[in-house]
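Input: a single structure, listed below in structure tokens.
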Amino acid sequence: MTDDQDTPLVDIAPKRWRCCHCGGTGVDSHGQTCQHCEGLGFC
Ligand SMILES: [Zn+2]
Ligand SMILES: [Zn+2]
């Protein structure tokens, strides 16, 4: 019986880095679409 320490990397990798402007929410402080990431939340 094999009990390897094969840690399953089921970690969901982010598509891109979290937007440095809206923090990944996709909206700015005014509740409008972030112009930095166009509402994607990543840039
Ligand atoms: Zn950004
Ligand atoms: Zn943004």
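Since every read-out is calculated from the coordinates, none of them should be taken as a lab result. As the structure is a prediction and not an experimental result, all values here were calculated from the model.
Would you kindly state how much longer the chain becomes between V27 and D3 on full extension, computed as 0.36 nm times their sequence separation minus their alpha carbon distance, in nm to one decimal?
Stretched fully, the V27-D3 segment lengthens by 4.0 nm.
Which ³J(HN,Hα) values, rounded to whole Hz and listed in residue order, are derived for segment 29-37 from phi using the Karplus coefficients 6.51, -1.76 and 1.60 in 6.51 cos²θ - 1.76 cosθ + 1.60 with θ = phi - 60°, glycine and proline given as x?
Per residue, the Karplus-derived 3J(HN,Hα) values read 5, 9, x, 9, 4, 5, 7, 7, 10 Hz.
Taking amide H positions as placed in the peptide plane 1.01 Å from N, state which residues far from V27 in sequence (5 or more) or on other chains have amide H under 5 Å from it.
Under 5 Å from the amide H of V27: C34.
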